[in-house]
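S.K.: The structure is given below, and queries will be raised subsequently.
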Amino acid sequence: MPEGQRNDAAARLAGHYSAKGLSEKDVYTLLNDWNQNNNPPLDEEELWSVVESIGQKEARKNNGKSLNV
């Protein structure tokens, strides 16, 4: 993904994986692998921020049941 599209794409992927019940740690691992092909890659803190934000959103959709970290 080029700069300017990486964060949105990461959020969509995180939502996809989170909706399947993957833990935040597993979602981060998958997104980190995907991120290595971005030009330039998102930094680690930003990627974690996306994963945590989407994880919280998914938890609210699931009546507050938190995903495994």
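S.K.: Considering only DSSP states other than H, G, I, E and B, which GluC sites (Glu not before Pro) in the chain qualify as loop sites with at most 15 other Cβ atoms within 10 Å? All intermediate terms of the calculation are to be shown ahead of the outcome.
M.R.: Working: sites: 3, 24, 44, 45, 46, 52, 58; in loops: 3.
Passing both the DSSP loop test and the Cβ count: 3.
S.K.: OK, next. Using only Cα atoms, find the angle between the long axis of helix 44-61 and the longest principal axis of the chain, and express it within 0 to 90 degrees, rounded to the nearest 10.
M.R.: 30 degrees
S.K.: Report the longest stretch of the chain that contains none of the trypsin sites (Lys or Arg not before Pro) sitting in a DSSP loop with at most 12 other Cβ atoms within 10 Å. Before the final figure, lay out each step's value.
M.R.: On the way: sites that count: 20, 65.
For trypsin sites (Lys or Arg not before Pro) (loop position, at most 12 other Cβ atoms within 10 Å), the longest site-free span of the chain is 21-64.
S.K.: If one takes the longest principal axis of the Cα atoms in the chain, at what angle in degrees, from 0 to 90 and to the nearest 10, does the Cα axis of helix 24-35 lie?
M.R.: The answer is roughly 20 degrees.
S.K.: Determine the gain in length on full extension of the stretch residue 53-residue 30; use 0.36 nm per residue of separation and subtract their C-alpha separation, reporting nm with one decimal. Write down the numbers at each step before the final one.
M.R.: Values: separation 23, 0.36 × 23 = 8.28 nm, distance 1.59 nm.
Here the segment from residue 53 to residue 30 would lengthen by 6.7 nm.
S.K.: Quick check: at a probe of 1.4 Å, how many percent of the accessible area of the chain sits on carbon and sulfur atoms?
M.R.: Its accessible area is 43 percent carbon and sulfur atoms.
S.K.: May I pose another question? What is the spread of the Cα atoms of the chain along each of their three principal axes, largest first, in whole Å?
M.R.: That works out to 37, 19, 18 Å along the principal axes.
The values are calculated or read from the model by the stated rules, or taken from the named source; none is laboratory data. Quick caveat, the model's predicted, so the values are computed rather than measured. Cβ: placed from backbone, ideal geometry, glycine included. Neighbour counts: every protein chain shown. Please note that ligands, DNA and RNA were not included when accessible areas were found on the heavy atoms of the full protein model with its side chains. Shrake-Rupley method; radii C 1.70, N 1.55, O 1.52, S 1.80 Å.
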